[in-house]
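**Student:** Let me begin by handing over the structure; questions about it come next.
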Amino acid sequence: MDIGIRKATPNDLDAMLGLITELAVFEKEPDAVKISVQELQEAGFGQNPMYTCFVAEVKNEVVGMALVYLRFSTWVGKTVHLEDLIVKESMRGEGIGYLLYAEVMKFAIEQKVKRVNWMVLGWNKGAIKFYERTGANVLEDWWQVEMDEEGMQNFVKNL
(Lines give C-alpha, C1' and ligand atoms only; values in the text may rest on other atoms or scores of the structure.)
Protein backbone atom coordinates (compact mmCIF):
# COMPACT_ATOMS: atom_id res chain seq x y z
CA MET A 1 0.00 0.00 0.00
CA ASP A 2 1.37 3.39 -1.00
CA ILE A 3 0.86 5.82 1.91
CA GLY A 4 1.77 9.48 1.53
CA ILE A 5 2.26 11.84 4.47
CA ARG A 6 2.16 15.59 3.91
CA LYS A 7 1.12 18.85 5.54
CA ALA A 8 -2.58 19.54 5.25
CA THR A 9 -3.91 22.23 2.95
CA PRO A 10 -7.25 24.05 3.00
CA ASN A 11 -8.48 21.48 0.46
CA ASP A 12 -8.23 18.84 3.22
CA LEU A 13 -10.57 20.56 5.68
CA ASP A 14 -13.68 18.53 4.88
CA ALA A 15 -11.72 15.28 5.24
CA MET A 16 -10.16 16.55 8.49
CA LEU A 17 -13.58 17.33 9.95
CA GLY A 18 -14.79 13.89 8.90
CA LEU A 19 -11.86 12.27 10.72
CA ILE A 20 -12.45 14.43 13.82
CA THR A 21 -16.09 13.32 13.83
CA GLU A 22 -15.07 9.67 13.41
CA LEU A 23 -12.71 10.03 16.39
CA ALA A 24 -15.50 11.48 18.52
CA VAL A 25 -17.66 8.46 17.72
CA PHE A 26 -14.77 6.11 18.56
CA GLU A 27 -14.26 7.92 21.88
CA LYS A 28 -17.97 7.51 22.68
CA GLU A 29 -18.66 11.27 22.34
CA PRO A 30 -20.58 11.41 19.02
CA ASP A 31 -22.17 14.79 19.75
CA ALA A 32 -19.04 16.48 21.12
CA VAL A 33 -17.70 17.96 17.86
CA LYS A 34 -18.73 21.61 17.67
CA ILE A 35 -16.06 22.94 15.29
CA SER A 36 -16.81 23.79 11.66
CA VAL A 37 -14.75 23.69 8.49
CA GLN A 38 -14.68 27.50 8.59
CA GLU A 39 -13.23 27.49 12.12
CA LEU A 40 -10.62 24.91 11.09
CA GLN A 41 -9.78 27.12 8.09
CA GLU A 42 -9.38 30.27 10.16
CA ALA A 43 -7.41 28.59 12.95
CA GLY A 44 -5.06 26.60 10.75
CA PHE A 45 -4.68 28.59 7.57
CA GLY A 46 -5.34 32.20 8.57
CA GLN A 47 -2.78 34.94 9.23
CA ASN A 48 -1.62 33.42 12.53
CA PRO A 49 -2.02 29.65 12.24
CA MET A 50 -2.74 28.01 15.59
CA TYR A 51 -1.98 24.47 14.46
CA THR A 52 -0.11 22.32 11.99
CA CYS A 53 -1.79 19.25 10.58
CA PHE A 54 -0.26 16.32 8.76
CA VAL A 55 -2.47 14.08 6.65
CA ALA A 56 -2.03 10.55 5.37
CA GLU A 57 -3.23 9.75 1.87
CA VAL A 58 -3.91 6.48 0.14
CA LYS A 59 -4.97 6.68 -3.52
CA ASN A 60 -5.58 10.44 -3.18
CA GLU A 61 -7.94 9.92 -0.21
CA VAL A 62 -7.15 11.41 3.20
CA VAL A 63 -7.29 8.45 5.58
CA GLY A 64 -5.57 9.88 8.65
CA MET A 65 -4.32 13.02 10.32
CA ALA A 66 -2.18 14.29 13.16
CA LEU A 67 -2.91 17.78 14.44
CA VAL A 68 -0.28 19.52 16.57
CA TYR A 69 0.45 22.94 18.00
CA LEU A 70 3.27 24.62 19.87
CA ARG A 71 2.89 25.39 23.55
CA PHE A 72 5.13 26.40 26.40
CA SER A 73 5.97 24.41 29.51
CA THR A 74 7.26 26.21 32.58
CA TRP A 75 9.34 23.11 33.33
CA VAL A 76 11.01 22.46 29.98
CA GLY A 77 10.15 25.34 27.64
CA LYS A 78 8.90 25.00 24.08
CA THR A 79 6.87 21.83 23.48
CA VAL A 80 4.65 20.32 20.81
CA HIS A 81 1.19 19.18 21.82
CA LEU A 82 -0.29 16.36 19.74
CA GLU A 83 -3.99 17.14 19.89
CA ASP A 84 -5.24 14.26 17.78
CA LEU A 85 -3.83 11.32 15.86
CA ILE A 86 -6.65 9.81 13.83
CA VAL A 87 -6.77 6.99 11.30
CA LYS A 88 -9.98 5.95 9.55
CA GLU A 89 -11.30 2.81 11.17
CA SER A 90 -11.20 0.94 7.87
CA MET A 91 -7.48 1.75 7.49
CA ARG A 92 -6.25 0.92 11.00
CA GLY A 93 -3.52 -1.69 11.27
CA GLU A 94 -1.84 -0.61 8.03
CA GLY A 95 0.96 1.45 9.63
CA ILE A 96 -0.66 4.80 8.90
CA GLY A 97 -0.78 5.87 12.55
CA TYR A 98 2.89 5.00 12.94
CA LEU A 99 3.83 7.13 9.91
CA LEU A 100 1.81 10.10 11.19
CA TYR A 101 3.32 9.69 14.66
CA ALA A 102 6.82 9.60 13.15
CA GLU A 103 6.06 12.79 11.20
CA VAL A 104 5.02 14.51 14.42
CA MET A 105 8.29 13.50 16.10
CA LYS A 106 10.33 14.75 13.12
CA PHE A 107 8.38 18.03 13.21
CA ALA A 108 9.09 18.36 16.95
CA ILE A 109 12.81 17.89 16.38
CA GLU A 110 12.74 20.48 13.57
CA GLN A 111 11.00 22.89 15.95
CA LYS A 112 13.74 22.26 18.55
CA VAL A 113 11.27 21.45 21.30
CA LYS A 114 12.12 19.70 24.55
CA ARG A 115 9.02 17.53 24.70
CA VAL A 116 5.96 16.27 22.83
CA ASN A 117 2.89 15.61 24.91
CA TRP A 118 -0.61 14.30 24.32
CA MET A 119 -3.46 12.55 26.07
CA VAL A 120 -4.82 9.06 25.66
CA LEU A 121 -8.00 7.57 27.08
CA GLY A 122 -7.32 5.01 29.80
CA TRP A 123 -9.48 2.38 28.08
CA ASN A 124 -7.62 2.72 24.77
CA LYS A 125 -5.16 -0.08 25.63
CA GLY A 126 -4.02 -0.53 22.03
CA ALA A 127 -2.92 3.10 21.79
CA ILE A 128 -1.25 2.97 25.21
CA LYS A 129 0.76 -0.11 24.22
CA PHE A 130 1.72 1.53 20.93
CA TYR A 131 2.97 4.68 22.69
CA GLU A 132 4.89 2.68 25.28
CA ARG A 133 6.56 0.59 22.53
CA THR A 134 7.85 3.81 20.97
CA GLY A 135 9.45 4.92 24.26
CA ALA A 136 6.76 7.34 25.43
CA ASN A 137 5.93 7.61 29.13
CA VAL A 138 2.25 7.23 29.96
CA LEU A 139 1.74 9.34 33.08
CA GLU A 140 -0.89 7.69 35.23
CA ASP A 141 -0.79 10.18 38.10
CA TRP A 142 -1.79 13.23 36.05
CA TRP A 143 -5.45 14.00 35.44
CA GLN A 144 -6.87 16.10 32.66
CA VAL A 145 -8.79 19.11 33.93
CA GLU A 146 -11.01 21.23 31.74
CA MET A 147 -13.80 23.76 32.00
CA ASP A 148 -16.32 24.20 29.21
CA GLU A 149 -17.72 27.52 28.01
CA GLU A 150 -20.75 27.36 30.31
CA GLY A 151 -18.54 26.57 33.28
CA MET A 152 -16.27 29.54 32.51
CA GLN A 153 -19.26 31.86 32.22
CA ASN A 154 -20.73 30.63 35.52
CA PHE A 155 -17.39 30.92 37.31
CA VAL A 156 -16.72 34.49 36.11
CA LYS A 157 -20.34 35.53 36.81
CA ASN A 158 -19.95 34.45 40.43
CA LEU A 159 -16.67 36.27 41.12
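The values are calculated or read from the model by the stated rules, or taken from the named source; none is laboratory data. The structure displayed is predicted, hence computed values, not measured ones. No Cβ is skipped: glycine too gets one built from the backbone with ideal geometry, and neighbour counts run over all protein chains shown.
**Student:** Restricting the search to segment 23-79, which residues are buried (at least 17 other Cβ atoms within 10 Å of the Cβ), hydroxyl-bearing (S, T, Y) and either within 14 Å of T9 (Cα to Cα) or touching a His at 6+ places or on another chain (Cβ under 9 Å) (or both)?
**Tutor:** T52
**Student:** Which of the residues that make up segment 24-45 are assigned to a loop (DSSP other than H, G, I, E, B), under 28 Å from G122 (Cβ atoms) and touching a residue at least 12 places away in the same chain (Cβ under 8 Å)? Before you say what the answer is, go through the steps one by one.
**Tutor:** Initial filter on segment 24-45 (assigned to a loop (DSSP other than H, G, I, E, B)): 27-36.
Then drop every residue that is not under 28 Å from G122 (Cβ atoms), which leaves 27-35.
Residues satisfying the conditions are E27, V33, I35.
**Student:** Also, quick follow-up: Determine whether segment 100-116 contains at least one residue that is crowded, with 19+ Cβ neighbours inside 10 Å, of a type in the set (K, R), modelled with pLDDT of 95 or more and in contact with a Gly (Cβ under 7 Å, 6 or more places away or on another chain).
**Tutor:** No: segment 100-116 contains no residue that is crowded, with 19+ Cβ neighbours inside 10 Å, of a type in the set (K, R), modelled with pLDDT of 95 or more and in contact with a Gly (Cβ under 7 Å, 6 or more places away or on another chain).
**Student:** Another question, if that's okay. Which condition does K157 not pass, out of (1) closer than 21 Å to Y69 by Cβ; (2) surrounded by fewer than 11 Cβ atoms within 10 Å (Cβ to Cβ); (3) modelled with pLDDT of 95 or more, if it passes all the others?
**Tutor:** Condition (1) is where K157 drops out.
**Student:** Right, next: Looking at K78, K106, K112, K129, which one is out of contact with any Ser or Thr (no Cβ under 9 Å at 6 or more places or on another chain), over 17 Å from L23 (Cβ atoms) and assigned to a strand (DSSP E or B)?
**Tutor:** On the way: K106 fails: assigned to a strand (DSSP E or B); K112 fails: assigned to a strand (DSSP E or B); K129 fails: assigned to a strand (DSSP E or B).
After ruling out the rest, the residue left standing is K78.
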